[in-house]
Amino acid sequence: MSSVIIFHAGVFEQTRCRISCVCLEKSSRWVGAGDITQKGYEKKRGKLLAPYIPQIQGVDPSLQIDNRIQASSQAVLPGSKHNKSRAANTRDERFRSDLHTEAVQAALAKYKERKMPMPSKRRSVLVQSSVEACTPPDTSSASEDEGSLRRQGRLATSTPYQGHSHPAVEHWFNRVIQGSSTSSSASSTSSHPGGRIVTNTSAHAALNANAAATALADLMAHTQLDNHSAPPDVTGLSERSSVHAERSQVASVRGVSRNYNHQTSVMETADGVPVNSRVSNKIQQLLNTLKRPKRPPLREFFVDDFEELLDVQQPDPNQPKPEGQQMSPLEGESLGVVTNWPPSLPAALQRWGTTQPKSPCLTALDNAGKPVYTLTYGKLWTRSQKLAYTLLNKLSSRNEPLLMPGDRVALVFPNNDPVMFMVAFYGCLLAELVPVPIEVPLTRKDAGSQQIGFLLGSCGVTLALTTDACQKGLPKAQTGEVATFKGWPRLLWFVTDGKHVVKPPKDWHPPVREASNDIAYIEYKTSKEGSTMGITVSHSAMLAHCHSLTQACGYTEAETITNVLDFKREAGLWHGVLTSVMNRMHVISIPYSLMKVNPLSWIQKVHTYKARVAVVKSRDMHWSLLAQRDQRDISLGSLRMLVVADGANPWSISSCDAFLNVFQARGLRPEVICPCASSSEAMTVAIRRPPEMGVPPPGKAVLSMGGLSHGVIRVDTEEKLSVLTVQDVGQAMPGAMVCVVRVEGTPYLCQTDEVGEICVSSGSTGVAYYGLPGMTKNVFETVPVTSSGIPISDRPFTRTSLLGFVGPDSLVFIVGKMDGLMVVSGRRHNADDVVATALAVEPMKFVYRGRIAVFSVSVLHDERIVVVAEQRPDASEEDSFQWMSRVLQAIDSIHQVGVYCLALVPANTLPKAPLGGIHISETKQRFLEGALHPCNVLMCPHTCVTNLPKPRQKQPEVGPASMIVGNLVAGKRIAQACGRDVGQLEDNDQARKFLYIQDVLQWRAQATPDHPLFLVLNAKGTVASTASCLQLHKRAERVAAALMGRLNTGDHVALVYPPGIDLIATFYGCLYAGCVPVTVRPPHPQNLATTLPTVKMIVEVSKSVCILTTQAIMKLLKSKEAAAAVDVKSWPMVLDTDDLPRKKSPQMYKPPTPEMLAYLDFSVSTTGILAGVKMSHAATSALCRSIKLQCELYPSRQIAICLDPYCGLGFALWCLCSVYAGHQSILVPPLELESNASLWLAAVSQYKVRVTFCSYSVMEMCTKGLGSQTEALRLRNVNLSCVRTCMVVAEERPRIALTQSFSKIFKDLGLSPRAVSTTFGCRVNVAICLQGTAGPDPTTVYVDMRALRHDRVRLVERGSPHSLPLMESGKILPGVKVIIANTETKGPLGDSHLGEVWVSSPHNATGYYTVYGEEALHADHFNTKLSFGDTQTVWARTGYLGFLRRTELTDASGERHDALYVVGSLDETLELRGMRYHPIDIETSVIRSHKSIAECAVFTWTNLLVVVVELEGSEQEALDLVALVTNVVLEEHYLIVGVVVVVDPGVIPINSRGEKQRMHLRDGFLADQLDPIYVAYNM
């Protein structure tokens, strides 16, 4: 054991001076009579520190030192004056040890430069939830223990000498000032040290962007960015113009207002996004903080396997390893034999009750400290007998006795009624019932109360004993009975007060037997995870434990003992209820409520009753220190033993030292302080013996925390910042054998300098966990083995869950508990130590009453540390943030571990343990469920998460040819597929003989004039308007006549109409007149500011010379409100078509060739780009024919369409297909669904429609709006069994979850589960896939999401981890050919690869319609050729990634069916860490992470992943989401979220197709237009 220095009490005095220079103790010392003088102290300190204080240039070093000293000696003033002014609420001082505080401050000195971006918060979120005005001290605590001061380490006494610390304690400054090697983040400094700057010029912006870019280059050293071809810029500004305004111009349907004509007033980032300086500065700060993320050095190669391997942290070869011998088990002294020892506890009670009935047993005090009642042994004996008799004989159900011997009974007694508890406990023992003492449940939802209920249920408890007063205070149900608590079994409540118990008959005597191995009582214990176990203690173990405690503590008959602990469990029960009766001792029980009012009460009682023994916790010593003002007359001289029950808490040492320093003058002898270690399972493990037993002097060890984190004991070396000073807890118990075993795996004995779990073998430990045989075997029947695997004893050992080692003189040392153990990247940290560090950070009073919880959560295969603290009610945002950043740095410096999440909650909101401490497991549960409601949160995933897979490196040298060869060799077919051949299809298609769609209309007007083509429904479901072939033709003629005089052929005309027949008629009118129609969605009257600029832009970009519209919209375009949004004077000619004269146009315009332009189709892509495509007459006819064939459309058919008619397939179905194929279209404008959600489905049912089309937004409105109303719809006779196919028109990956829930909800109305399918189109070809009426059902496959990130497709089973369901996008249309091509090499790909979908078909659009004829830029979107293989065919690039799969199904032609799966838009993909991510996948995970997340959108900015979530719920939940979002994205996608933005519902802009406009959102975020509830910048 040479590596541990133990200081004996005697030696300690002599070596104090020497050691103080090197040893950083956790205890504070004071300037006392025999100490160094103040002046001498300062001189010496100055000398010691001189070499380590950085010299400020031009300042005399001695002055600097003097300054330091002045500051630290302020507190050393005349005592009396100081004491009077001491603030009342210094309770949270108790955690302080000045040394640790100085260590923490020194650690923080290193970080002065680091600037972190502060989270931004909406004002309403700043309002704190109310805090009860006066919180009793019981809420002060760091842990589950009773209000515990678990962390005495931080003790700052309130004595006059508070400012003093050990001389020369700052010896470790050298390490601080040189900067520490362990913390790489220490070196990152901010590029704007001056805090937030606000810039508003473009020049500044550029600088900012460059800084961001360099930061990025740094951050993303391993990432290769891959820039895909830029989407078309159709905004009329050339690429070289001063503002690259391609994205900033489009107004979204529900988005952010756009400033249309901005030239250079807007500041921008490198990629041309307008930016508000505030957001960008914060992100800039964040990038600066992240410049050198803590990453272990990455290995050279990446195993390019399908599994992305998480980086396993390699153990550091230089980490300390144990070097000592194998420890030998430690034997306690043998149990002495006492001749007249009672054979059992009830026998002892019987003896004293009959022979010494007047002898006092227990004195109870009230809240004023007055003795209310003294229970004598005679009374205890008779009252226990009465209760035993009543329980066994007077309680019955159905004439059967309710209780049989051996039954378990709950004891529910408040902490201020020890008398009733003692009577009940012994009453149960006499009745041979098993008492299960539990806490009094205060509310129906107490923290941890559900688990207590589970314990009672599993123990089969049916009866609860309680007092009258307690029963009255319990929550009641309506019936007046005690309410059933959540998770509890049904209980009968029995009040044990005198009037309810009966005197037993003369001939009844309780059976007093010898102690057996039957269960005597069950003590509850809450595990780290929050589950509650019952530990069974047998009669013989209970007796043996009393016996060994009596021997170890030297208890004698009739001694007086003061007990401050909870008498229901652990040391309070063992000393104050059991062992006391064994020895006929007199217990003075100090209730917790009295301690809160008068922390000195226990000391006063020791003095009054001349108590020989006191049983306390360090908290009680601490509180009395704070309260001892003018108690001159107190003497603690009578104490021969002060048992410190939580002596195993490493921080109890400073309480003991401080207490001794103050009370030594009041007769307290140093040697009577006896720390002990115990656990619920093993009961008392070790205790320091009282001085009269002639034991070796106590020891103290100063250990390096670094060593402890590797599980080895190293006396502190030069790392003076991080040490732990521990005291011994004495020797093993009499008759016990103690050993230390490895924490994980086989219980091998530890080496002498290794920390392990202490195990005990003796007859006085618990026996089992009730009803849990598996866990019992692990804990109560451990067999420790030597390194060669030989058991060290034939007796089983009990694990104590205490971590420690055995020092010289067989003294036991404890350094922590298994419950607080957090293993991060292979190193162990103790939650209590981290709490201590956090509480030492200035300002110390920041944490409300020291209430702080530290625990670890498992994220991405490692433990991550979470710190949750209550902040003072008056703390400002700045204070909070500053304190948080300091805590992070202090923990990083002292423990060399990163904190994953630091959350602050309002004062008094953390769940409380029964005696006022923090209920850790409940806090953790709330954190993981997102129910903690923090008011401030700081996540640091960049610092902590070091085990991400290595970023993927692309192999550039693989060309298209080798790809093909590779695929052929691997037996993979080249991914290509096609629809049916249009030429081969013979059908009676009359329209085929016409080259132009307008000719078809004229032909139908002659051939079938009265055939109904269109029928428009209004919100009430009634027919608003109809049109037959002739009516439509006539209306179109009128429009043509109006245009022909005014416009030239080939002019572009904007049609701005609401969905209806006017739109269709004017479309054909334009074709009749030889004009080119452009359909435009009208502006929204309530939202002109965002919708009108889009109208204006389409009109300008399409070069429309005229606008056709209705009178109402015409007024709107020129209104005052419109003038605020756009320049109304610059509109082209506007004609309203409401009352056109009935005149025929002179003659129809005949286009010279079908290649002529028919119409322009404008739409805003999801990336916010306005793209107009040119559709020729040939393409228009081919499109109609293809859809007609796929859907089998004939004049006799009816189809229902609930789509917007302005672009894409929606426009084609609404305006073109009916005219071409002659079927009747029932048109349902989607806007009408907002007032009547069932409109579309009711119409489908009413007209018995077989084929219907809708959009995702319509489907969503139906599922959300009608989900609960299917019964009502059925009563209205809505029946959907007629539907053969219901197609969702989309330009995205099919939304499986939505289509499935739609099918499920409306299955009850007869909707076939096979009916719902999707279509796929894009800008280059509006209809590529469409399910149609024939052909196999759409198939769904599950692919591995991790492989997909590498552009590979790997099929997996449903439900396997990382699986992603993808649905086929519909059947490929007739005449359409599809191939999958590599986005970079443009070579064809095999089946198992993800690539870009290329399409060739007669109805491809002919090109983008741009302004300055920049077609060359995007020519390859429309005519591109493969670089290898079939290099002749001309393809159009869709800009979507997908893959093809040959299925087992056969299609109409008998061939095997090829299914096309669309994965997502290439423009939207995020390139992160060398892999390709689809925003929707991340968003799906995020939405699943918390019930209050309504919608989510992600985008990247300067390579940071930004996640925007819409919060549906109260704003106080906003901060709960930050951690959950970060966790889920890490777990499922291996990505670190950079910024989390919480916004109101409806902020994420969505276009008419129901697709998210992520780029608009990004622009809005950067321009600071989102009014977010909270923005968190993850470190």
- Along the Cα-to-C-beta direction of GLN314, a point sits 7 Å from the Cα; which residues of region 812-839 have their amide N less than 19 Å from that point? 825-827
- Distance histogram for region 1169-1280 (every C-alpha pair counted, 10 angstrom bins, percent rounded to whole numbers): 13, 41, 30, 14, 2
- For region 624-684: span of alpha carbons on each principal axis (Å, largest first): 42, 22, 15
- Gyration tensor (Cα only) of region 544-633 to equivalent ellipsoid, semi-axes in Å sorted down, yields 24, 14, 10
- So what is Rg over Rh here for region 418-541, counting just Cα atoms and using Kirkwood for Rh? 0.99
- Item | Volume of the Cα convex hull of region 1445-1579, divided per residue and given in Å³ | 150
- Query: Between rounded, prolate and oblate, where does region 1363-1498 land on the alpha carbon gyration tensor, with a ≥ b ≥ c its root eigenvalues, rounded for a/c under 1.5, else prolate if a/b exceeds b/c?
  - Reply: oblate
- Among CYS1184, CYS1202, CYS1262 - extreme Cα towards positive end, dipole of region 1168-1276, charges at beta-carbon: CYS1184
- In a Debye calculation with equal point scatterers on the alpha-carbon sites of region 1116-1217 and no solvent, what is log10 I(q)/I(0) at q = 0.10, 0.12, 0.17, 0.20 Å⁻¹? -0.49, -0.69, -1.17, -1.24
- Whole-number D in µm² s⁻¹ for region 755-852, Kirkwood Cα-pair radius fed into Stokes-Einstein, 10 °C, 1.306 mPa s: 97
- Please go through region 1341-1433 and write out the chymotrypsin sites (Phe, Trp or Tyr not before Pro) that DSSP classes as loop and that have at most 15 other C-beta atoms within 10 Å. TYR1412
- Item | Cα-derived Rg over Rh, computed across region 580-653 with Rh taken as Kirkwood radius | 0.96
- Query: Residue farthest toward the positive end of the dipole of region 734-859, with Cβ of Lys/Arg at +1 and Asp/Glu at -1: which of SER787, ALA853, ALA736?
  - Reply: ALA853
- Message: Give the average over all directions of the projected area of the C-alpha convex hull of region 640-741, one decimal, in nm².
- Response: 8.0
- Kindly identify region 350-428 as rounded, prolate or oblate by the Cα gyration tensor criterion: order the square roots of the eigenvalues as a ≥ b ≥ c, call it rounded if a/c is under 1.5, otherwise compare a/b with b/c, prolate if a/b is larger, else oblate. oblate
- Item | Accessible surface of region 1386-1509, 1.4 Å probe, proportion on carbon and sulfur as whole % | 50
- Query: How would you classify region 1254-1299 from its alpha-carbon gyration tensor, with a ≥ b ≥ c the square roots of the eigenvalues: rounded for a/c under 1.5, else prolate if a/b is greater than b/c, otherwise oblate?
  - Reply: oblate
- Accessible area of region 792-870 belonging to carbon and sulfur atoms, whole % at 1.4 Å probe: 50
- Charge sum, other residues only, whose C-beta stays under 10 Å from MET533's C-beta, Lys/Arg counted +1 and Asp/Glu -1: -1
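The values are calculated or read from the model by the stated rules, or taken from the named source; none is laboratory data. Because the structure is predicted, anything quoted here is derived from the model rather than measured. Positions of Cβ are generated from backbone atoms using ideal geometry, with glycine treated the same way; all protein chains shown enter the neighbour counts. The area values use the complete protein model at the heavy-atom level, side chains included, leaving out ligands, DNA and RNA. Shrake-Rupley method; radii C 1.70, N 1.55, O 1.52, S 1.80 Å.
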